[in-house]
1. Based on what the data block shows, is ILE54 assigned by TED's automatic domain parsing to the domain that holds MET176, in a helix (DSSP H, G or I), within 21 Å of the chain's Cα centre (by Cα) and under 27 Å from SER82 (Cβ atoms)?
2. Keeping to the range 156-187, report how many residues are closer than 23 Å to VAL27 by Cβ and free of Cβ contacts under 8 Å to residues at least 24 places away in the same chain.
3. Before we move on, is ARG77 closer than 17 Å to GLU50 by Cβ, assigned to a strand (DSSP E or B) and either among the basic types (Lys, Arg) or not assigned by TED's automatic domain parsing to the domain that holds LYS180 (or both)?
4. How about the range 43-76: which of its residues are under 14 Å from GLU114 (Cα atoms) and touching a helix residue (DSSP H, G or I) at 6+ places or on another chain (Cβ under 7 Å)?
5. Restricting to the range 252-297, name every residue that is under 15 Å from HIS313 (Cα atoms), part of a helix (DSSP H, G or I) and of a type outside the set (A, V, I, L, M).
6. When you scan the range 149-172, how many residues do you find that are in contact with a strand residue (DSSP E or B) (Cβ under 7 Å, 6 or more places away or on another chain) and of a type in the set (D, E, K, R)?
7. Could you tell me how many of the residues in the range 220-247 are touching a strand residue (DSSP E or B) at 6+ places or on another chain (Cβ under 6 Å) and either of a type in the set (A, V, I, L, M) or modelled with pLDDT of 90 or more (or both)?
Amino acid sequence: MDVGVFGLKKDNLSLKLMNLVSVIMPVYNSRKYLARAIESILHQTHTNLELIIIDDCSSDDSLEIAESYQIRDNRVRIIANSKNKKQAYCRNIGIELSSGDYIAFLDSDDIACENRIQLQLGYLENNPDCVGCGSYGEYIDKDGNLSGRYIIPPVNYPLIKAEAFFGDNPFIQSSMMLRKDILNKYNLRYDESYGGIAEDYQFWLQILKNDLKLLNINKPLVYYRFGDNLQATVMNSHKFRPVVEAMVIENIELICHKKYIGKLYRQSLLRDDFLRKVVAILLYPLAAIMIIYSNNKSKILDKDALKKTLYMHSPRINLLRFVLR
């Protein structure tokens, strides 16, 4: 029997890949990049899709650009917010209004490879234990030029979960595809209270904490734009860090059932000056050993993935290497 995408038999492939996919695209003042983002979805090799564009009260002509595509292609649906409500709200309303069996995401300044949806749909159909998947990505600049630099998130589920628990975002938002029935079953939605800071990371954590499997395909399926908003990204990083750290401490408390271990770990992350770096060198191995010991009981994370993740986060002068060998 011939075998097609990711091991699907070809006689079943066309039927399985006819599942409707809803692609959700929040938009805010994206006139420079929006047309290319929209076209990258409408020109997918998998054609049974709907593109739900949520304009978040743009002050430029983004809404008019989206409407011009809606006139030409009945797969395009548009929701126009009367006031700016941020991306979490936009993604949530897109999920609620979607008709597809699968939900995919693409930000309005990124570009999807033409076979992205086909490959991800094939992967999920062939891996029923997997709730969703992302992929690698390649950076493009503000003019759309390929950089030759890649985003390579982990592909191993135990490592994905461990890295997420300790503050690393293991997924590219614009690469993700999820099963809608699982989102509804577990009432999984973006938390709008985060105000646009780390809400995607918190969303993946929700899913992983329910012991639901998310994976990455080891192939770049999106082009991720950098450049225009670099200064805003740097500014937001100062807001991002404390929000993520608070979630990490909460994760450690889930593993250990003891608040003081989370506080100890947080102190070991304060490395802004020489004295704090010295303290971190001493505190981090202690916190790590306590976390590993507690996880041996709670079994929330894979022990080898946990050790690898803790090692990656340890101070450069690394006493932990002698413990974890």
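The values are calculated or read from the model by the stated rules, or taken from the named source; none is laboratory data. Small disclaimer: the values here were computed from a predicted structure and weren't measured. Using ideal geometry, Cβ is built from the backbone for each residue, glycine included, and neighbour counts are taken over all protein chains shown.
1. Here the answer is no, as ILE54 does not meet what is asked.
2. Counting residues in the range 156-187 that are closer than 23 Å to VAL27 by Cβ and free of Cβ contacts under 8 Å to residues at least 24 places away in the same chain gives 0.
3. Here the answer is yes, as ARG77 does meet what is asked.
4. Once the filter is applied, which keeps residues that are under 14 Å from GLU114 (Cα atoms) and touching a helix residue (DSSP H, G or I) at 6+ places or on another chain (Cβ under 7 Å), the range 43-76 yields GLN44, THR45, HIS46, LEU49.
5. GLY262, TYR265, ARG266, GLN267, SER268, LYS277, TYR284, PRO285
6. Residues that pass the stated criteria total 1.
7. Step one: of the range 220-247, the residues touching a strand residue (DSSP E or B) at 6+ places or on another chain (Cβ under 6 Å) are 220-226.
When the remaining residues are screened for being either of a type in the set (A, V, I, L, M) or modelled with pLDDT of 90 or more (or both), the result is 220-225.
Counting residues in the range 220-247 that are touching a strand residue (DSSP E or B) at 6+ places or on another chain (Cβ under 6 Å) and either of a type in the set (A, V, I, L, M) or modelled with pLDDT of 90 or more (or both) gives 6.
Condition check ((1) over 15 Å from the mean Cα position of the chain (by Cα); (2) surrounded by 17 or more Cβ atoms within 10 Å (Cβ to Cβ)) across all residues:
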| residue | (1), (2) |
| --- | --- |
| GLY100 | yes, yes |
| GLN118 | yes, yes |
| TYR123 | yes, yes |
| PRO128 | yes, no |
| GLY132 | no, yes |
| LYS142 | yes, no |
| ALA164 | no, yes |
